[in-house]
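Contents: one structure, followed by commentary.
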Amino acid sequence: MALAAARRLLLHAGSRLGRREAVDGARRFANKRVLVETEGPAGVAVMKLRNPPVNSLSLECLTEFTISLEKLENDKSIRGVILTSECPGIFSAGLDLLEMYGRNPAHYAEYWKNVQELWLRLYTSNMILVSAINGASPAGGCLLALCCDYRVMADNPKYTIGLNESLLGIVAPFWFKDMYVNTIGHREAERALQLGTLFPPAEALKVGVVDELVPEDKVHSKARSVMAKWLAIPDHSRQLTKNMMRKATADNLIKQREADIQNFTSFISKDSIQKSLHMYLEKLKQKKG
Ligand SMILES: CCC/C=C/C(=O)SCCNC(=O)CCNC(=O)[C@H](O)C(C)(C)COP(=O)([O-])OP(=O)([O-])OC[C@H]1O[C@@H](n2cnc3c(N)ncnc32)[C@H](O)[C@@H]1OP(=O)([O-])[O-]
């Protein structure tokens, strides 16, 4: 309820800001955790996640992300979005573990609904989405990248990408899996999901998790040049083709959203799963100390 009100406020504030920017000619709007800049080639927005330290997808971050996307979808002058991060060395650490640990079932349900919402909006977007992966991209971070039409990754062996849920003692839901299969094929997805593989850039390119590697300082310029190529295709034919390729996967979730929320809520509420998450969070802390 409170979140719905916050969402309305943000949308309203955003549209007022949008009008002011149009007058100033400064094409930029920002929520606290997502910055959108629309300067550069016509019709292209750059969306930067900025939820330090690791761009984890907290409920607030998911909401702001979804609202920003909604605004861009509604802006008929925008045809493409480059998705990237403002946090050095991190694209996104994925879903916020603290939203899935030590909370109550109502919170888990609310959180999951918002995860679904963002995924559906990203995966089925009519806009061209190119990810400029400029850092580590585990689990939900990889999910964001997989939603894009093209993935450019910084060739830095310190960065890894993949759906590593099984390493945390949790299970990627069927729609994460479906999108992984669509991207890298059944055999690679099966192996990578069971092992929770986090691929370094060269391996990510080899299996097809990403489409291209470039030196770190070229990630943005490459994403822009990729975008230019995609923009040259007529929107209507590209959009219909994208829809044809992705609709069945999205529909698979749409037809069972409520059951998926219930599955997630009962799974994540289990003592054994909470214990696994606790251990994983402790491991992250120890790594730091
Ligand atoms: C069924 C469900 C499907 C699930 C899907 C998912 O996405 S599950 C998600 C799967 N995601 C993963 O498995 C990724 C786990 N994270 C990592 O592997 C690393 O943090 C890193 C490689 C992203 C960055 O390394 P780095 O050395 O630059 O940074 P650092 O490690 O020092 O962390 C800094 C602070 O951030 C904290 N924090 C980190 N991640 C999360 C998070 N997701 N959430 C919340 N907090 C997180 C970390 O605890 C620490 O907190 P502290 O102690 O300051 O209070």
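Applying a threshold of 31 Å to the alpha-carbon distances of Lys177/Lys283; Lys158/Lys247; Lys76/Lys158 flags Lys158/Lys247; Lys76/Lys158 as lying beyond it.
Can you bin every Cα-Cα distance in segment 216-277 into 5 Å intervals starting at zero and give me the percent of pairs per bin, rounded to whole numbers? So the P(r) values, bin by bin, are 3, 14, 11, 11, 10, 11, 10, 13, 12, 4, 0.
Please state the charge dipole magnitude for the chain, taken about the Cα centre, from unit charges on C-beta atoms (+1 on K and R, -1 on D and E), reported in debye and rounded to the nearest 20.
Details: 39 positive and 31 negative charges, 59 e Å.
For the chain, the charge dipole is close to 280 debye.
Over all Cα atoms in segment 170-270, the spread is summed up by Rg and Dmax: 17.1, 50 Å.
Along segment 180-197 the Karplus relation, 6.51 cos²θ - 1.76 cosθ + 1.60 evaluated at θ = phi - 60°, assigns HN-Hα couplings of 5, 4, 4, 8, 10, x, 5, 5, 5, 5, 4, 5, 5, 6, 5, 7, x, 5 Hz to successive residues, with x for each Gly and Pro. In terms of packing, defined here as the mean over residues of other Cβ atoms within 10 angstrom, the peptides 140-149, 253-262 line up highest first as 140-149, 253-262. Take the Cα radius of gyration of segment 24-145 and divide it by 2.2 N^0.38 Å, N being the number of residues; the result is 1.04.
Could you work out the relative contact order of the chain? I mean the mean sequence separation of Cα pairs under 8 Å and 6+ apart, divided by the number of residues, in percent.
Contact order relative to length: 16 percent.
Viscosity 1.306 mPa s, temperature 10 °C: what is the translational diffusion coefficient of segment 53-99 from Stokes-Einstein with a Kirkwood Rh over Cα pairs, rounded to a whole number of µm²/s? Result for D is 133 µm²/s. Using the Cα coordinates of segment 121-215, the gyration tensor eigenvalues translate into equivalent-ellipsoid semi-axes of 18, 17, 11 Å, sorted from longest to shortest. Distant-in-sequence amide contacts of Arg28, defined by a placed amide H-H separation under 5 Å and a gap of 5 or more residues or a different chain, comprise Thr38.
Couplings for segment 226-239, taken from phi via the Karplus curve 6.51 cos²θ - 1.76 cosθ + 1.60 with θ = phi - 60°, read 4, 4, 4, 5, 5, 5, 6, 8, x, 4, 5, 6, 5, 5 Hz in order; Gly and Pro are left as x. By the compact-protein rule of thumb, 2.2 N^0.38 Å, the alpha-carbon radius of gyration of the chain corresponds to a ratio of 0.97.
Its Cα gyration tensor gives segment 30-73 an equivalent ellipsoid; the semi-axes, largest first and in whole Å, are 20, 12, 6.
Relative to the 2.2 N^0.38 Å rule of thumb, segment 101-168 has a C-alpha radius of gyration ratio of 1.29.
The numbers here are math on the coordinates, done by the rules we state, and not lab data. Note that this is a predicted model, so its numbers are computed, not measured. Every residue, glycine among them, receives a Cβ derived from its backbone with ideal geometry; neighbour counts consider all protein chains shown.
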